[in-house]
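A short worksheet on the structure shown next.
The values are calculated or read from the model by the stated rules, or taken from the named source; none is laboratory data. Only a predicted model underlies this, so the values are computations on that prediction, with no experimental measurement involved. Cβ sites come from the backbone with ideal geometry, for glycine too, and all protein chains shown count toward neighbours. The accessibility values were calculated without ligands, DNA or RNA, using every heavy atom of the protein model including side chains. Shrake-Rupley method; radii C 1.70, N 1.55, O 1.52, S 1.80 Å.
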Amino acid sequence: MSIRDVYIVDAVRTPIGKFGGALSSVRPDDLAAHVVKALVDRSPDLDPARIDDVYFGDANGAGEDNRDVARMAVLLAGLPTSVPGVTVNRLCGSGLEAVIQAARAVALGDASIAIAGGVESMSRAPWVLQKPERAFPAGHQQLHSTTLGWRMTNPRMPAEWTVALGEGAELVADKHGLTREAQDAFALASHQKAAEAWGKGLYDGEVVPYPGVELVRDECIRDNTSTEALARLKPSFRPDGGTVTAGNASPLNDGAAALLVVDEEGLRATGREPLARIRASAVTGIEPQLFGLGPVEAVRKALAKAGRGFGDLTTFELNEAFAAQSLGCLAEWPELDPAVVNPRGGAIAIGHPLGASGARLAGAVAHQLAAAGSGTGLAALCIGVGQGLALVLER
């Protein structure tokens, strides 16, 4: 069986909303449907009935995500009911996992045309109540927030594995000797690059605002933040001597992203030139509390599969869950030119809607390669509970 070439024809995303912000009134299945519809509408030569499958990442799934948000998005977007949909969960890497699974299906000939994406509404993530051990309990019951982090943790898990995500970032800072000043400088650069990219119109070709919502750009970008403003923030996880703050960590967010993934036949059906070709991917595991360093080996493995090295990279979208986490990864890639990393800003400024982020990164790399005309790009994320995921694209 021959392996087919796989192309990304187009990629769209919503502006990323802040927690409780402009997109908080929009259900996650509606966010997903919006990017699916926008993606299809941008390829008018494509018969939607030819779409073989829709893959969507979703890290929560506890509320209006409705168990299989991919299928819900297909129906709400008005696609033919013959188009199926599957939802995948690799926590923070879910959106990129959806792209990888769609690409794998196309490469193997199981699909010719697929949509891959991701969605998250952290604003609308519900509280959940565990079912009691027996009927009619007399005592009080505890609600658990599903917005972020560990919940209803299995007591068999070692305590050192189940630390808060921010404490995990502090552990990475400890490991690599990363100062508060270095983390704040990284965060400031993320905001500056994102604001500059928006000012230059570099996101105009991929961002599709949600109808009826007054949000046309990413809501968490702070154009006027400064070193002094970031330095005034208190540590969030270690009150005494901590380095991780709300200013050098990604915020809680709402948003969705989608990509059109095809083979040669599918490419002809769209009548369009591809943005990029998918070359290789890799996933790896690491100690759960050091999840922030998850991308380190995944990136090396994906580049090796693609027959490329750090020096070949034109652009690299590395998810900024925390400045400490990103800087820790960069410290372990001395061959990498940091100038190619997140040239249009990262998640500290743009936001990190968990299930959507990986799809946003893959789409950003594809658009940047198309703008450059040629090159090699890479998208990678750390993942809670200790995993890393990476995807190599070329043009």
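Listed values, structure above:
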item	result
Burial order of peptide ranges 29-41, 329-341 (average beta-carbon count within 10 Å, highest first)	29-41, 329-341
Burial order of peptide ranges 346-354, 170-178 (average beta-carbon count within 10 Å, highest first)	346-354, 170-178
Cut-off under 5 Å, modelled amide H: who pairs with Gly20 long-range	Ser123
Residue among Gln289, Gln130, Gln368 with the largest mean-square fluctuation in a Gaussian network model of the chain, springs linking Cα atoms under 10 Å	Gln130
Vicinal HN-Hα couplings computed from phi for segment 52-63 (Karplus, 6.51 cos²θ - 1.76 cosθ + 1.60; Hz; Gly/Pro x)	7, 6, 10, 10, 9, x, 7, 7, 9, x, 8, x
Under 22 Å from the Cα of Lys234 - lysines, other chains or at least 8 residues apart	Lys18, Lys175
Solvent-accessible area of Tyr55 with every protein chain in place, 1.4 Å probe, in Å² to the nearest 10	30
Segment 331-395 - percent of accessible surface contributed by carbon and sulfur, probe 1.4 Å	54
Convex hull volume per residue for segment 1-145, taking Cα atoms only, in Å³	148
For Ser281, solvent-accessible area (1.4 Å; no DNA, RNA or ligand), Å²	30
Relative contact order for segment 340-391, counting Cα pairs under 8 Å that sit 6 or more residues apart, in percent	24
Segment 251-292: C-alpha gyration tensor shape, a/c 1.5 cut-off, then a/b vs b/c	oblate
Sum of side-chain charges, Arg42 neighbourhood, beta-carbon under 11 Å (Lys, Arg +1; Asp, Glu -1)	-2
For segment 173-188, 3J(HN,Hα) per residue [Karplus equation, 6.51 cos²θ - 1.76 cosθ + 1.60, θ = phi - 60°, Hz, x = Gly/Pro]	4, 4, 4, 10, x, 8, 7, 4, 4, 5, 5, 5, 5, 5, 5, 4
Taking all pairs of distinct alpha-carbon atoms in segment 183-324, Kirkwood radius in angstrom	18.7
Accessible-area order (highest first, 1.4 angstrom probe) of the listed residues Phe316, Phe136, Phe237, Phe310	Phe136, Phe237, Phe310, Phe316
DSSP beta bridge pairing in the chain, given as percent antiparallel to the nearest 5	75
Net charge, Lys18 excluded, C-beta distance under 14 Å - Lys, Arg +1, Asp, Glu -1	-2
Share of carbon and sulfur in the accessible heavy-atom surface of segment 228-330 [1.4 Å probe, %]	50
Sequence-separation-based contact order of segment 1-147, relative, with Cα cut under 8 Å and 6+ spacing, percent	28
Exposure rank, largest accessible area first [Glu97, Glu167, Glu181; 1.4 Å]	Glu181, Glu167, Glu97
Average accessible area per residue (Å²) across the chain - probe 1.4 Å, nucleic acids and ligands excluded	41
For the chain, built as a Gaussian network whose Cα springs stay under 10 Å, the top-fluctuating residue of Ala138, Ala359, Ala187	Ala138
Dimensionless Rg ratio for segment 145-190, taking C-alpha atoms and the 2.2 N^0.38 Å reference	1.49
Whole-percent carbon and sulfur share, accessible surface of segment 1-130, 1.4 Å	48
Semi-axes of the equivalent ellipsoid for segment 5-91, Cα gyration tensor, largest first, Å	22, 15, 13
Viscosity 1.306 mPa s, 10 °C: Kirkwood-radius Stokes-Einstein D of segment 70-182 over Cα pairs, µm²/s	86
Translational diffusion coefficient (Stokes-Einstein; Kirkwood radius from C-alpha pairs) of the chain at 25 °C, 0.890 mPa s, in µm²/s	117
Top of Pro295, Pro126, Pro28 by mean-square fluctuation, Gaussian network on the chain, Cα under 10 Å	Pro126
Sum of -39500 (n - 2.57) over DSSP H runs of 4+, divided by residues of the chain (222 nm, nearest 500)	-9500 deg cm²/dmol
Normalised contact order of the chain, rounded percent, pairs of Cα under 8 Å and 6 or more residues apart	27
3J(HN,Hα) from dihedral phi, segment 333-344, Karplus parametrisation 6.51/-1.76/1.60, rounded to Hz, x for glycine, proline	10, x, 6, 7, 7, x, 5, 8, 8, 6, x, 10
Over segment 252-386 - Rg/Rh using Cα atoms and the Kirkwood inverse-distance radius	0.96
